[in-house]
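The values are calculated or read from the model by the stated rules, or taken from the named source; none is laboratory data. If you're wondering where the values come from, they're calculated on a predicted model, not measured in any experiment. As a convention, Cβ positions derive from the backbone with ideal geometry for all residues, glycine included, and neighbour counts pool all protein chains shown.
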Amino acid sequence: MRTLPAHAKPVAALTGALVLAASLTACGGSSAASDEKVVTVYSADGLKGEAGDGWYDKVFEDFEKQTGIKVKYVEGGSGEMVQRALREKSNTQADVLVTLPPFIQQAGSKGLLQAYAPQGSDRVDGADKAADGTWTSIVNNYFGFVHNKKELPTAPRNWEELLDAKYKDRLQYSTPGVAGDGTAVLIKAMHDFGGQAPAMEYLKKLQANNVGPSSSTSKLAPKVDKGELLVANGDVQMNFAQSKSMPNLGIWFPAKGDGKPTTFALPYAAGLVNKAPHGENGRKLLDFLLSEGAQREVSAVGGGFPARKDVKPTDANALALAELLEGVEVFEPDWADIDRNLTAYVDAWKSATGS
C-alpha cells in the first residue's frame, strides 16, 4: 500500500532478467494467451528490493525456476493499481493483484477479483482473508512512522509533539486515498483521536509543518535517512527492509497524549484478477507465495511477518520485528466501514488540509 509514482512502469522482478515485453512468445509456438508461460502481477511497492534483494525478487526467481513461468511485474500505489485494473476491466491485463487495505476490499467490491483459495490459505487467520475467497494476505505488516535517528535520537512520543515548530518543513506523509500508507494515516488518526472530526482538526493543525503531498511512501524514507525530513509515515516491513541500507532510519508508533502507542495490521493481500488472461498461472503463483518455503523467507529476506499462522520463523529479523512491536497496542480497523466511506474520509481530509 503504498506508493503512487506519477508514471508507474513495469519492471522485471527476476534477478538479472530484462523487462518483459508486452507480448510474449507462448510455449510451443502457440500465440494463445492462456498458453503463455507468463504471469502479470500488479502490486503495491515494498516487497521488491531496490537492489534486487527483496522477498519478491527471491520468490519470483524461485517460482520461475520451478515452473518455467516468468513474472511480469508492475508496481505502483495500492490505489493506483486498483484504478489501473479498473480501467482495463474490458481488456484485462493483470493476473494477480496485490495491495494493502482498504484497497484490496475496494478491488473486491468493484468486481475486479475472482474467488480462489490458494493452497495454504487455510492456515491464514480469518481476519486476513476475504470471507468470499477473493483475496488472501501473503505478507503481514503493520503501519508505522520513521524518524531520523541521527538528528532525532529519541522518537517523538505522540501526535501532539509533531505540532512543534521544529518539525516545520521537516515532516511529510504520503497522500491519503492515493497511497496505502497515506490512507493509513487517516485510519490511525481517526482511531487515536476518537473519530473523524477530532482527527481532521488535528491534521489541519499538522498541515502547518507538512512539506506537502507525496504519492510515494517508499520515497520518504530516503529523505528521512538523509536528514531532509525528521519524520515521515511508512510501514514496518518496508521501513525495516530499507533500514538495512539506511542506517539513520528508526521505526516508531505515535501515541495520543499519554496513551499507549498504537498500530494496526496492514497486510499485503493478493487476489486472482477476474478474467485474468493467464488465470492458471496466477493460481500457481498464489499457491507458491503461500507455500511454507516462501512464507519462511518473509522475515529473513523481506523483513515482514508471515501470513500463515503455522510458520513461526526464528531468524534475526523475526526476533527484531517482534521486539519492535513490544508495548504497542494493535487495534483492528472496521474495514467494511472504511471501504464504504473511504471517499468521504479522503474528502474530509482534503477539506481540512486544503489539499
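A few notes on this one:
- Residue among Lys244, Lys256 that alone is among the charged types (D, E, K, R) and surrounded by 19 or more Cβ atoms within 10 Å (Cβ to Cβ): Lys256
- Yes/no for Thr134 being of a type in the set (S, T, N, Q), under 21 Å from the mean Cα position of the chain (by Cα) and over 18 Å from Ser216 (Cβ atoms): yes
- Selection count where residues are charged (D, E, K, R) and in contact with a Lys or Arg (Cβ under 8 Å, 6 or more places away or on another chain), scope segment 120-130: 2
- When restricted to residues that are modelled with pLDDT of 95 or more and buried (at least 19 other Cβ atoms within 10 Å of the Cβ), segment 207-233 contains 11.
- Taking segment 152-206 as the range and being hydroxyl-bearing (Ser, Thr, Tyr) and surrounded by 22 or more Cβ atoms within 10 Å (Cβ to Cβ) as the test, the residues that pass are Tyr173, Ser174, Thr175, Thr183.
- Taking segment 172-187 as the range and being over 13 Å from the mean Cα position of the chain (by Cα), assigned to a loop (DSSP other than H, G, I, E, B) and among the polar types (S, T, N, Q) as the test, only Thr175 passes.
- For segment 90-112, the set of residues classified as aliphatic (A, V, I, L, M) and closer than 22 Å to Val346 by Cβ consists of Leu97, Val98, Leu100, Ile104, Ala107, Leu112, listed by residue number.
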